[in-house]
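Undergrad: Mind having a look at this structure? Questions to follow.
The values are calculated or read from the model by the stated rules, or taken from the named source; none is laboratory data. Because the structure is predicted, anything quoted here is derived from the model rather than measured. Methodologically, a virtual Cβ is constructed for each residue, glycine included, from the backbone with ideal geometry; neighbour enumeration extends over all protein chains shown.
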Amino acid sequence: MASSLSPGGSRKQAGVNTLTEPQPDPVGLQTVLDNALAPASVHSIELHGATNTRRSLLDHIFNPIIESSRNPNTTLGDVTAQIGIASGKLSRLGIFREESTRVFLADAPRSQPGLDPNRTELDVSFNVRERGRFALSAGTDFGNSEGTAYTNAEVRNILGGAEKLTLNARVGTRTRSAYNATLSAPVNGNPDIQVALEALKSSAQKPWASHDEHLTGGSLKLAWAGVRPGDTHSFTFASIWRQLTGLTAQASPTIRHDAGDSVKNSLGYSYIRDRFDRSGIHSLPQSGHQLRITTELAGWGPLQGDVSFSKTEFELNKTLPGPRTSGVIFSGGLRLGLLYPLPFSYSLQGAALPSRVNDRFQLGGPTDVRGFKIGGLGPHDGSDAVGGDVFAAGGISMLFPLPVLGADSPLRLQLFANSGRLVALKHKGKSTEASSSLVGHGSGAVFKGVQSAVSDLVTGLPSTAAGFGLVYAHPVARFELNFSLPLVTRRGEESRKGLQFGVGINFL
């Protein structure tokens, strides 16, 4: 008979609750393998150590074991597979110490007459150790082209359902301040489906465009794992109040035109397929590929707000190993993006406003198109990088170990070449730095402007640079010191010849 679960070391069986200690595991791995096709079921399930965890959460994890045991065709292999799934879910909840999870199997006493003598009845005992409810940490972090110092506080398992409240404060080289609070929880006890509510407030410098940007708002996010390992999906609703302020005396007319307040209400979806082999150095995948697709719909229809557009980005990275035992790694990357202005109405036929500088793409810098300044590619108004609505960028590189250090060293020599093109929308064949020619034009004019901008991506040579440098693959981030030589620089863009230092997670 399959029985239900009771946390904290109690067993619920035939209406009797008794406190028990976990017993040694007499059903060994070899026994399971030798009898994988033998009929089996679960007689009882115990969980020891989950003193602060709700019964309802644990029922979602262990009920599949109980349900499968009611099937007369269930085998010992089926039971152990379900136990493995439940053990993995316990670990992924994030409230138990991963190394503490232990599973014990034992033959159940046959106290009930009429049971099939050929059917194995198992008592299953899980041992876990809960992590601390509170955690506080501080340190430094590295994002793309920025270093930050942070303080992070966590409150885990708040209501016993694996809820987590995260409070974060940080300052950085470009981020003056950033504060956010996130409350997350698994859905129906499934650690692979998470819902999160976030509130944020930040202030960041944008020196390449002569302004600061303040953000205040919140988001509601649903994230779930895909069918195949390494696949993740997320769906987000966000409402953000943006303030474009702190203009310098040299701010261009484009930046001054977009300065002030705006509200962006948006729906977003992202998909990541990660097939990288990170069995070696974590931040240097040895082989495989990674695909990332993000799309955002802002302002259209019921979303309202001050901006309306759809914005999509596509990124593909591929890594190939060199000759065996050589330590050489070949990699390539491709990034594409399109911002499409939309009307605010429920129809797609109304007039669309041009995109704003804080919504457009920026391209160039040590983590994407090396050999160019941050925001160095694409439309400029004076010295300000005002961004573009369509872009394409690609790069190839070869990493190989230094002769003295060998293939296991995280320090590598790099040869690279990369290029990119960033353009603004056009109307009637006339380029514009800030898409201002689209003001007052309907869907037809916008569509033609997008067509013209996309055709510009393959018109003439893209901005291109090549070079060499040193790469240090730290588990937290990747550090690069490169010497770059710009080979093609389009008019108005800002290249950077010589040494360039980059720190980040994702590199082109």
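Undergrad: Check the range 221-230 and report whether any residue there is under 22 Å from G337 (Cα atoms), surrounded by 16 or more Cβ atoms within 10 Å (Cβ to Cβ) and either modelled with pLDDT under 95 or not basic (K, R) (or both).
TA: Scanning the range 221-230 turns up no residue that is under 22 Å from G337 (Cα atoms), surrounded by 16 or more Cβ atoms within 10 Å (Cβ to Cβ) and either modelled with pLDDT under 95 or not basic (K, R) (or both).
Undergrad: Do we have any residue at all in the range 107-118 that's within 26 Å of P186 (Cα to Cα), not aromatic (F, W, Y) and not assigned by TED's automatic domain parsing to the domain that holds I158?
TA: no
Undergrad: So for the range 358-378 (the condition being closer than 27 Å to G268 by Cβ, part of a strand (DSSP E or B), of a type outside the set (K, R) and in contact with a Pro (Cβ under 9 Å, 6 or more places away or on another chain)), does at least one residue qualify?
TA: So far as the range 358-378 goes, no, none of its residues is closer than 27 Å to G268 by Cβ, part of a strand (DSSP E or B), of a type outside the set (K, R) and in contact with a Pro (Cβ under 9 Å, 6 or more places away or on another chain).
Undergrad: Next question. Scan the range 136-152 for residues that are in a strand (DSSP E or B) and modelled with pLDDT under 90 and jot them down.
TA: S137, A138, G139, T140, D141, F142, G143, E146, G147, T148, A149, Y150, listed by residue number.
Undergrad: Here's another thing I want to ask about it. Could you list, in sequence order, the residues of the range 187-201 that are among the polar types (S, T, N, Q), modelled with pLDDT under 95 and at negative phi?
TA: N190
Undergrad: I would also like to ask the following. Do we find that V155 is outside the structural domain of S56 (by TED's automatic domain parsing), part of a strand (DSSP E or B) and within 19 Å of A50 (Cα to Cα) in this structure?
TA: Yes.
Undergrad: Among the listed residues R324, R370, R360, R335, which satisfies the condition of being in the same structural domain as S455 (by TED's automatic domain parsing), surrounded by fewer than 19 Cβ atoms within 10 Å (Cβ to Cβ) and basic (K, R)?
TA: R324
Undergrad: OK, next. Take S44 and decide whether it is touching a Lys or Arg at 6+ places or on another chain (Cβ under 7 Å), crowded, with 16+ Cβ neighbours inside 10 Å and either aliphatic (A, V, I, L, M) or not assigned by TED's automatic domain parsing to the domain that holds E163 (or both).
TA: yes
Undergrad: Return yes when V404 is β-branched (V, I, T), farther than 26 Å from S252 by Cα and out of contact with any helix residue (DSSP H, G or I) (no Cβ under 9 Å at 6 or more places or on another chain) and no when it is not.
TA: yes
Undergrad: If I filter the range 238-246 for residues that are among the basic types (K, R), within 30 Å of V155 (Cβ to Cβ) and over 21 Å from the mean Cα position of the chain (by Cα), do I get at least one hit?
TA: yes
Undergrad: Here's something else I'd like to know. Only residues in the range 382-406 that are part of a loop (DSSP other than H, G, I, E, B) count as the first member; pair them with residues that are buried (at least 16 other Cβ atoms within 10 Å of the Cβ) and of a type in the set (F, W, Y), Cβ under 8 angstrom, at least 6 apart or cross-chain, and list the lot.
TA: Listed pairs, sorted by first residue: G387/F361; D389/Y340; D389/F361.
Undergrad: Looking only at the range 438-450, filter to residues that are closer than 19 Å to F391 by Cβ and touching a helix residue (DSSP H, G or I) at 6+ places or on another chain (Cβ under 8 Å); which one of those is modelled with the lowest pLDDT?
TA: Here the answer is L438.
Condition check ((1) over 25 Å from G337 (Cβ atoms); (2) under 21 Å from the mean Cα position of the chain (by Cα); (3) not in a strand (DSSP E or B)) across all residues:
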position: K264; (1), (2), (3): no, no, no
position: S279; (1), (2), (3): yes, yes, yes
position: L297; (1), (2), (3): no, yes, no
position: T319; (1), (2), (3): no, yes, no
position: P323; (1), (2), (3): yes, no, yes
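Undergrad: Checking I396 against (1) closer than 17 Å to R496 by Cα; (2) surrounded by fewer than 24 Cβ atoms within 10 Å (Cβ to Cβ), only one condition comes out false. Which one?
TA: Of everything listed in (1) closer than 17 Å to R496 by Cα; (2) surrounded by fewer than 24 Cβ atoms within 10 Å (Cβ to Cβ), I396 misses just condition (1).
Undergrad: Scan the range 49-72 and report the pairs whose first residue is not assigned by TED's automatic domain parsing to the domain that holds F104 and whose second residue is crowded, with 19+ Cβ neighbours inside 10 Å and part of a loop (DSSP other than H, G, I, E, B), with Cβ atoms within less than 8 Å and a gap of 6+ or a chain change.
TA: Cβ pairs passing all conditions: none.
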